[in-house]
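Novice: One structure, pasted below without further comment.
The values are calculated or read from the model by the stated rules, or taken from the named source; none is laboratory data. Nothing here was measured: the structure is a model prediction, and the numbers come from that model. Neighbour counts run over all protein chains shown; Cβ positions are idealised from the backbone, glycine included. Areas reflect the complete protein model, heavy atoms only, side chains present, ligands, DNA and RNA absent. Shrake-Rupley method; radii C 1.70, N 1.55, O 1.52, S 1.80 Å.
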2 protein chains.
Amino acid sequence: MSSPATATGFPVVDPSVHAAWLPDAALAPLGSRRVAVVVPDGGAPDVVAQTVRDEVAAATAAHGGAVVDPQQAGTADVVLAVRASTGAPAGAPAGSAAADPEAFTLTRALGMVTVTATTSHGLLHGLFHLVRLGEHAFTDPDGTWTHAPTTALRMLDHWDNVAVHPVMGQVERGYSGGSIFYDDGQVRADLTRVAQYSRLLAASGINRVAINNVNVGPRESLLLTDDLDEVARIAAAFRPYGIRTHLSVSWASPVRLGGLTTSDPLDEDVRAWWRAAADRVWATIPDFGGFVVKADSEGQPGPFAYGRSHADGANMLAAAVAPHGGLVHWRAFVYDHTQDWRDRKTDRARAAYDHFAPHDGEFADNVIVQIKHGPLDFQVREAVSPAIAALPRTRLAAEFQVTTEYLGHQKHAVYLGRMWSELLRFPYWGEGSATMADVAAGRHPESDGTGGDGTRAGGFAAVSNVGDDVFWTGHPFAQANLYAWGRLTWDPTLDPIGILDEWVSLTFPGADPRVRETVHAVLDESWETYERYTAPLGVCFMVKPHTHYGPDPDGYEYSPWGTYHFADRDGVGVDRTRATGTGFTGQYPAPWRDVYESLETVPDELLLFFHHVPYGHVLRSGKTVIQHVYDTHFEGLERVHAAVEAWQAAADAFPPDVAERVTERFAEQVRSATDWRDVVNTYFFRKSGIPDAAGRTIY
Amino acid sequence: MSSPATATGFPVVDPSVHAAWLPDAALAPLGSRRVAVVVPDGGAPDVVAQTVRDEVAAATAAHGGAVVDPQQAGTADVVLAVRASTGAPAGAPAGSAAADPEAFTLTRALGMVTVTATTSHGLLHGLFHLVRLGEHAFTDPDGTWTHAPTTALRMLDHWDNVAVHPVMGQVERGYSGGSIFYDDGQVRADLTRVAQYSRLLAASGINRVAINNVNVGPRESLLLTDDLDEVARIAAAFRPYGIRTHLSVSWASPVRLGGLTTSDPLDEDVRAWWRAAADRVWATIPDFGGFVVKADSEGQPGPFAYGRSHADGANMLAAAVAPHGGLVHWRAFVYDHTQDWRDRKTDRARAAYDHFAPHDGEFADNVIVQIKHGPLDFQVREAVSPAIAALPRTRLAAEFQVTTEYLGHQKHAVYLGRMWSELLRFPYWGEGSATMADVAAGRHPESDGTGGDGTRAGGFAAVSNVGDDVFWTGHPFAQANLYAWGRLTWDPTLDPIGILDEWVSLTFPGADPRVRETVHAVLDESWETYERYTAPLGVCFMVKPHTHYGPDPDGYEYSPWGTYHFADRDGVGVDRTRATGTGFTGQYPAPWRDVYESLETVPDELLLFFHHVPYGHVLRSGKTVIQHVYDTHFEGLERVHAAVEAWQAAADAFPPDVAERVTERFAEQVRSATDWRDVVNTYFFRKSGIPDAAGRTIY
């Protein structure tokens, strides 16, 4: 059953597309109640408030409840209200959760459930919170709870191209079909999918989306100028769900689009060009979010060409967008991608720190330096980025990747919630200290006075995994990654398995209990499973060049990309110590600079990220490195087989379309994981000559 | 100075394109004489005879000679004449050189040079022979010489796509720009380049060209039907120089184009469809050559899908084209391209023999089975294909590759004449026995009665290296490969260095002597140089997957393509022996089956093609395998540097446009060869742990 149309046509739901975590039935507990929406009419039309009304109207119409007139709110089962102050304990201080414009307070008392917020945006989040709670929203014990996001900046970046790129296709690193925004050179006429997507995102916690690839081609550049009306159409599709639109822009735009001869950030014509460009953007889209910039990175143009720093570059753009309240997300993914593999002194892992730490404090207040969670590139296991700890006077966003570029292309069932949670909780200054999430939320312990309250937060950004696939994400279970990303941006302390559980409840409401059991059996430890059968012990890469799918241990070993493992007949790993290696360990604050430096204390799973060791080196686990490689690779595939068995035993409990797609994906995962097992084991056996202690088959 | 236009507009010469081996000055010795062309008017217009007249008219007009009326031929310096019998010694038997319709006889006597032939095609070859001889044609001692091609089938295959292929581009494995035939989905309106090309080919000896890629896409399929008039335009551009046009066709054409539900070769509707298709082709192009087919090969459709043999498939097509005197070139490049790398029993090298030898004698008389010179794929060094010796009752073409897919992409200066010569002269049954060239020319020693006189020749085919580049071939020196290929198809016993010398004389007439010295210094042993810095000792591949440019020792090691080297910490190479390996050596006739089988007798340069040996194995040269790898790789790069030095010392003696391009190419060759040296040395050092005896730098 699809939702009936409301007065405004919202919520937009195309029943031919998978409903993800918002199937009609997920709204039944709310929709079967009598619900009042109380939003003071402040004069200006409030599209988000209207969305709350529309959602309630649609849900109650579909599930037998009723919309209660605000005047009669006292008779309702549920009241959703925007109030000048929420129902939180009186006297909540400024900067507290209750003061956050997206916060909401849930009160359950005297048989009535009340959700209050100071803005319609907060109310919308409260509405979806009720949906997540399901019947529990009405049946759990009475009480009052206030929820506020850990940061106001919770973003998804799309690497969608407008024109199909001859090498990277419609969506760079996209594994879910085409783009929901673009089709073969144009913004889609029909943006229904974008509207549906905005609803899913709002229900997960996301509130900003960058709609085009950070590698900005000639066609994509035009979004900033000629196609601004088309961008406005996309922004209009996102706006009802409280999501703001950002654009990736080319550093070379003044030359490419403006006919200038330079993009020098200190050139007055360049500055004027960007100011005028920003003025046009905000004149067209008043709630536009800002610009995302990949500069001097992997061949993209940037300020280096003019002898200017990244601070010079970012601040020039920041000045152009500041009058409009705009942001500049400036990516720190700057490294030498034409490195000489012979040169063991240059270490790509050092690059973000080396490029950006010297400029801490130089960036404008509306610049957010966006740093990948690890120093390399979204590997299954790599160290955390030391650069994130090294910029106390800079607004920082931590960048993640929901699309599984290095994690199985949404052909393998890999749930990333546990991985992200571990990273977000990483205590940069030792046990109990501020975490990666804290720093991204503006709470760096060495921050200057303005940062302690989170106002200098940079937040979280991640590359989306969504395309025009009927399941949105290729593998239906990869929806859980998108959902989990949204939830963790709202609250990085959430239990990732609990998030997965939420996702099951929402996506498969009322299903056979085997569905929940099977999702947990397949996904809970799937990250560790994937790690087991791919690159071992934090050694990274070992993927096929270009596609990044499937094993090729030496694929990047003699390349210019700076991602080497130095395996030889005696040992493997990268010496990043201060004592004998690249000195990368010195970029970490204590205690990690010493923990990672020492073979005695480095965690096993990161051993080869920090050290080059003989194959016979004994891990803290008691195993040798080589036997660990063999054991984990055999075990990794066995775990895949176990997942397949669990799946097969319960596939009939899933909706047939989901079952069919998941079954198809598992066939490929088994094939690919078998290849990984055998290639990696064979590679290391041929190198080391050390047989498997258990005598299993290695080729 | 460009040639003045003649009455018919031939020869077509665009002065903005490099003249290759037919610059105006190359025609000066002939053009400065008084020349009579005597061709009896047989009633039908003879475009090739007209070409001879036009060439003479243009050359004499440009260089101060004169055209002498045939009636006054006795007063001319040079007489070019078609006669019922040539000036060869009386009583030349049928089947002798003089009876070949393309043969010609040169007589120099009493101050007059006479070239006679029985056909205008022979006369055209004689004309270009005079051009090649230059002043020697007139000043050498008197005498009579008859020249005839070793086979009537001297072909170039173009892997040009009509539509730009999303992965392979306009020309598959093309390194010379776009296609001279097609541009972005259409046959070019202006075929001037094709006309120029036909002249160059005729002057080298080629007489047949297949104009489209053997991987026939949907757009390319239409050449056979909808675009036949366009094909006819191309054929018309080739015809004046005696070159016949062939098409690559898709086995699936009856389904793709004919709307049939099958391509089963025994289906009567399929047979009728092909007959009708052939009828249309020859009705449009009466001298059309025939079809080239890549079937059941690397994903192309073929008769296997219907449980039919390659003989069934080829003979069905042969029946369709036979009424028109057409040929079917059926490629033997059939192997399992989805092989499991774990499976050491399957050996791709065996595939052509295993697939085709059992069908010897089954192929129709107008089927030519086209077999690559080696069992793998145009490697810098691989064994000769045993399949070529295994089909005595089949017409065989030996297939070569002028475009340098695995030999440096026409960025490296690599002259292939020596390599081809060595292959063509390979004595399949031991010293002094019939060679690869003999077999291709129809002189297999075990052939049935019809073959001994060469009438069952299959001839020679090679993939062209020409594109719309201003130098035709990317690297100007790669023109020499195209020229040498044509010359060797005419006479495989020619000295390849002599051919190179001819090429210099023609291409750079009257140049500073340093030009000749430098070309020899750079190219004479360039094949061996390239071998030294790339994959060693016949181990093959070790190239980057897909592009096939640059080193990646393990690039294909764990792939489905069947091209492995099995390097481990102890040794390297493929055991293809009968005793312990894949048995491939048993596909050769004696003595090679034993020569290759034994470590005592296998030639060093093919050691790793036939045997897996420890790194310490001592070659017949006295060196260990590992030291040989190091030495050759250091030496290979040193040889490149020496070539660059030779080049730099004489670059000013070359035309400036040539000098600029060659200088640019050398920069890339040095970069790439350095990478090859270091990657291969490092790869083997890391595997073996054995240091270089000379202590040179390995990374």
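Novice: What are the ³J(HN,Hα) couplings of segment B:651-668, residue after residue, when phi is run through the Karplus curve with 6.51, -1.76, 1.60 and θ = phi - 60°? Round to Hz, x for glycine and proline.
Specialist: With coefficients 6.51, -1.76 and 1.60, one gets 4, 5, 7, 8, x, x, 5, 5, 4, 5, 5, 5, 4, 4, 5, 5, 4, 5 Hz.
Novice: Okay, next question. Can you run phi through the Karplus equation (6.51, -1.76, 1.60; θ = phi - 60°) for segment A:522-539 and list ³J(HN,Hα) in whole Hz, with x for Gly and Pro?
Specialist: Going residue by residue, I get 7, 9, 3, 10, 6, 4, 5, 4, 4, 4, 4, 9, 10, 5, x, 6, x, 6 Hz, with x marking Gly and Pro.
Novice: Amide H neighbours of A:T624 under 5 Å, at least 5 residues apart or on other chains, H built in the peptide plane: list them.
Specialist: Under 5 Å from the amide H of A:T624 lie the amide H atoms of A:L619, each far enough along the sequence or on another chain.
Novice: Using r as the Cβ-Cβ distance of B:D512 and B:E431, and R0 as 51 Å, what FRET efficiency do you calculate, to the nearest 0.05?
Specialist: 0.75
Novice: In nm, give the distance between the simple-model label positions of A:R34 and A:E135, each being 7 Å from the Cα along the Cα-to-Cβ direction.
Specialist: 2.2
Novice: While we're here: Count neighbours as other Cβ atoms within 10 Å of each site's Cβ, and list the GluC sites (Glu not before Pro) in segment A:366-464 that are DSSP loop with at most 11 such neighbours.
Specialist: A:E431
Novice: Of all the Cα-Cα pairs you can form in segment B:210-266, what percent are over 18 Å apart?
Specialist: In whole percent, the share of Cα-Cα pairs in segment B:210-266 beyond 18 Å is 39.
Novice: Computed FRET efficiency, Cβ-Cβ of A:Y699 and B:V255, R0 56 Å: what is it to the nearest 0.05? Please list the in-between numbers first.
Specialist: Values: r = 39 Å, r/R0 = 0.70.
Result of the calculation: an efficiency of 0.90.
Novice: Rg to Rh ratio, the protein assembly as shown, alpha-carbon atoms and Kirkwood radius?
Specialist: Rounded to two decimals, Rg over Rh is 1.03.
Novice: Pop out the carbon and sulfur fraction of the accessible area of the protein assembly as shown as a percent, whole number, probe 1.4 Å.
Specialist: Looking at the protein assembly as shown in its full context, I get 53 percent from C and S.
Novice: By how many degrees, between 0 and 90 and to the nearest 10, does the Cα long axis of helix A:47-63 differ from the longest principal axis of chain A?
Specialist: Once rounded, the angle reads 80 degrees.
Novice: Okay, next question. Under 27 Å Cα to Cα from A:K623, which lysines show up? Leave out anything in the same chain fewer than 8 places away.
Specialist: Result set, ordered by chain and number: A:K687, B:K687.
Novice: Next question, about the same structure. Distance in nm between label sites at B:E422 and A:A99, each 7 Å beyond Cα in the beta-carbon direction?
Specialist: The two pseudo-label positions are separated by 8.2 nm.
Novice: Give me a comma-separated list of calculated 3J(HN,Hα) values for segment A:576-590, in order, Karplus coefficients 6.51, -1.76, 1.60 applied at θ = phi - 60°, integers in Hz, x for any Gly or Pro.
Specialist: 10, 6, 6, 5, 9, x, 7, x, 4, 4, x, 7, 8, x, 5
Novice: How much length is gained if the chain between A:E600 and A:D501 is pulled fully straight, taking 0.36 nm per residue apart and subtracting their Cα-Cα distance, in nm to one decimal?
Specialist: 31.9 nm
Novice: Using only Cα atoms, find the angle between the long axis of helix B:625-650 and the longest principal axis of chain B, and express it within 0 to 90 degrees, rounded to the nearest 10.
Specialist: Once rounded, one gets 30 degrees.
Novice: Now, a different point. Hey, rough spin-label estimate for B:A305 and B:E362, points 7 angstrom out along Cα→Cβ, what's it come to in nanometres?
Specialist: Reported label-point gap for B:A305 and B:E362 is 2.0 nm.
Novice: List the accessible area buried at the contact between B and A, summed over both sides and calculated with a 1.4 Å probe, in Å² to the nearest 100.
Specialist: Answer for the B-A pair: about 2300 Å² buried.
Novice: Can I ask one more? Can you work out the accessible area per residue across the protein assembly as shown, with the rest of the protein chains kept in place, probe 1.4 Å, in square angstrom?
Specialist: Accessible surface, normalised per residue, equals 33 Å².
Novice: Return one quarter of the surface area of the convex hull spanned by the alpha-carbon atoms of segment A:165-222, equal to its mean projected area, in nm².
Specialist: Across all orientations, segment A:165-222 yields a mean hull projection of 4.6 nm².
Novice: Still on this model: In the protein assembly as shown, what percentage of the DSSP-assigned beta bridges are antiparallel, given to the nearest 5?
Specialist: Of those bridges, close to 30 percent are antiparallel.
Novice: What is the pair-distance distribution P(r) of chain A, computed from all Cα-Cα distances in 20 Å bins starting at 0, with each bin given as a whole percent?
Specialist: Per 20 Å bin, starting at zero, the Cα-Cα P(r) for chain A comes out as 18, 51, 28, 3, 0 percent.
Novice: Please report the relative contact order for segment B:154-495, taking Cα pairs under 8 Å with a sequence separation of at least 6, and give it as a percent rounded to a whole number.
Specialist: 18
Novice: Okay, moving on. I'd like the accessible area for A:V292, computed on protein heavy atoms only with a 1.4 Å probe and all protein chains in place. Round to 10 Å², please.
Specialist: Here the accessible area works out near 0 Å².
Novice: Pulled fully out, how much extra length does the chain show between A:D142 and A:T262, if you take 0.36 nm times their separation in residues and subtract their Cα-Cα distance? Intermediate values should be presented prior to the final figure.
Specialist: Working: separation 120, 0.36 × 120 = 43.20 nm, distance 6.38 nm.
Result for the pair: 36.8 nm of gain on full extension.
Novice: Further question: Along Cα-to-Cβ, 7 Å out, sits the label point; list in nm, shortest first, how far the one on B:H165 is from those in the other copies.
Specialist: For B:H165, the inter-copy label distances come out at 2.3 nm.
Novice: Of B:L260, A:L223, which has the most accessible area and how do the rest follow, probe 1.4 Å? Write out the running numbers ahead of the final one.
Specialist: On the way: B:L260 45, A:L223 0 Å².
Descending order: B:L260, A:L223.
Novice: Going by amide H atoms built from the backbone, whose H comes under 5 Å of the H on B:H337, apart from near neighbours?
Specialist: Here the answer is B:E298, since their amide H atoms fall under 5 Å of that of B:H337.
Novice: Roughly how tilted is helix B:120-133, in degrees to the nearest 10 and between 0 and 90, from the longest Cα axis of chain B?
Specialist: So the inclination is approximately 70 degrees.
Novice: What are the distances, in nm and sorted shortest first, from the label point of A:G143 to the label points of the same position in each other copy, with each label point placed 7 Å from Cα along the Cα-to-Cβ direction?
Specialist: Ordered by increasing distance: 10.9 nm.
Novice: Given the protein chains as shown and a 1.4 Å probe, how many square angstrom of A:I371 are accessible, to the nearest 10?
Specialist: 0
Novice: Where the only charges are on Cβ atoms (+1 Lys, Arg; -1 Asp, Glu), what is the dipole of segment A:24-147 about its Cα centre, to the nearest 20 debye?
Specialist: Values: 6 positive and 12 negative charges, 33 e Å.
Here segment A:24-147 has a charge dipole of around 160 debye.
Novice: For B:V12, B:V334, give the ranking by accessible area with the largest first, probe 1.4 Å.
Specialist: Output order, biggest surface exposure first: B:V12, B:V334.
Novice: With contacts defined as alpha carbon pairs under 8 Å and 6 or more residues apart, what's the relative contact order of chain A in percent? Can you show the working numbers first?
Specialist: On the way: 1480 pairs, mean separation 77.7, N = 699.
About 11 percent, as a whole number.
Novice: Can I ask one more? What is the set of long-range amide H partners of A:V67 at a cut-off below 5 Å, with H atoms built 1.01 Å from backbone N?
Specialist: HN-HN under 5 Å from A:V67: A:V35.
Novice: Another one. Using protein chains only and a probe of 1.4 angstrom, how many square angstrom of B:K623 are accessible, to the nearest 10?
Specialist: 80
Novice: Quick one: if the Förster radius is 30 Å, what FRET efficiency do B:A283 and B:A84 give, using the C-beta to C-beta distance and rounding to 0.05?
Specialist: It comes to 0.45.
Novice: Between copies, how close do the B:L266 label points come, placed 7 Å along Cα→Cβ, listed in nm from shortest?
Specialist: Computed spacing set for this position: 8.2 nm.
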